[in-house]
Amino acid sequence: MKRNVILIGLSGSGKTTVGAAVAGMIGGGFCDCDEAIEKKLGQSIVEIFAEQGEAAFRRVEEELMNEAILDGVPGVIVPGGGWCVQGENMSVALRSGLTVYLQVAPAEAIERLNKSAPRPLLGTPDSAVVLSAQLDSRREVYERSEVAVDTNGKEPQRVALTVANLARKLAGW
């Protein structure tokens, strides 16, 4: 039986890029929670945080993640970096699919993020400090994942191939 593949990790770990590639490789659906939230609320993540606050964002994130996990159609699911540390979310993920922690050093994550859209919790000159603190506070939960894949210095396609092979071996794909 196929199980969801749920990618977790810091912003900049490659969850969205790798997740989309994995979905293509295994022939599964793909749900990027941040994208789904923006579509549902008609605002960017930065605007949601600024206008409605993090608590409102987290409520919608949890609702959409629960829908994705429980919809009965397995695929690749990519929550935001902080989703799994909220309440019982990591326990839900562990029961509902193959959890894969995409490991990245904060310095490399910052390099990647500088090439992408702004992130609400990282829009400061001290982003490296913020990301390091996030990793310190989330590491224990991230490490509860079934498997971890180091993304440091690796091309997204290579990481995606590793994750796709894990999905085939451990999640029935």
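Annotations
- Number of residues in region 150-173 that are out of contact with any helix residue (DSSP H, G or I) (no Cβ under 9 Å at 6 or more places or on another chain), part of a loop (DSSP other than H, G, I, E, B) and in contact (Cβ under 8 Å) with a residue 60 or more places away in the chain equals 1.
- Out of Val73, Val85, Val130, Val149, sole residue that is surrounded by 14 or more Cβ atoms within 10 Å (Cβ to Cβ) and in contact with a strand residue (DSSP E or B) (Cβ under 7 Å, 6 or more places away or on another chain): Val149
- Filtered residues of region 13-32 (kept if touching a helix residue (DSSP H, G or I) at 6+ places or on another chain (Cβ under 7 Å) and either hydroxyl-bearing (Ser, Thr, Tyr) or at pLDDT below 95 (or both)): Ser13, Thr17
- Considered as a group, the residues in region 37-47 that are within 18 Å of the chain's Cα centre (by Cα), part of a helix (DSSP H, G or I) and not charged (D, E, K, R) include one that is modelled with the lowest pLDDT, and that residue is Val46.
- Residue check, Ser137 hydroxyl-bearing (Ser, Thr, Tyr) and surrounded by 12 or more Cβ atoms within 10 Å (Cβ to Cβ): no
- Only residues that are within 22 Å of Ala167 (Cβ to Cβ), outside any helix (DSSP H, G or I) and under 11 Å from the mean Cα position of the chain (by Cα) were counted in region 58-86, giving 6.
- Every pair of residues 6+ apart whose Cβ atoms lie under 7 Å, when the first sits in region 112-135 and is under 25 Å from Glu155 (Cα atoms) while the second is in a loop (DSSP other than H, G, I, E, B) and modelled with pLDDT under 75: Leu113/Arg119; Leu113/Leu122; Val130/Leu121; Val130/Leu122; Val130/Thr124; Leu131/Leu122
- When region 27-45 is limited to residues that are more than 22 Å from Val5 (Cα to Cα) and in contact (Cβ under 8 Å) with a residue 24 or more places away in the chain, the one that is surrounded by the fewest Cβ atoms within 10 Å (Cβ to Cβ) turns out to be Lys40.
The values are calculated or read from the model by the stated rules, or taken from the named source; none is laboratory data. Since we're looking at a predicted model, the values are computed, not measured. Note that each Cβ is placed from the backbone with ideal geometry, even for glycine, and that neighbours are counted across all protein chains shown.
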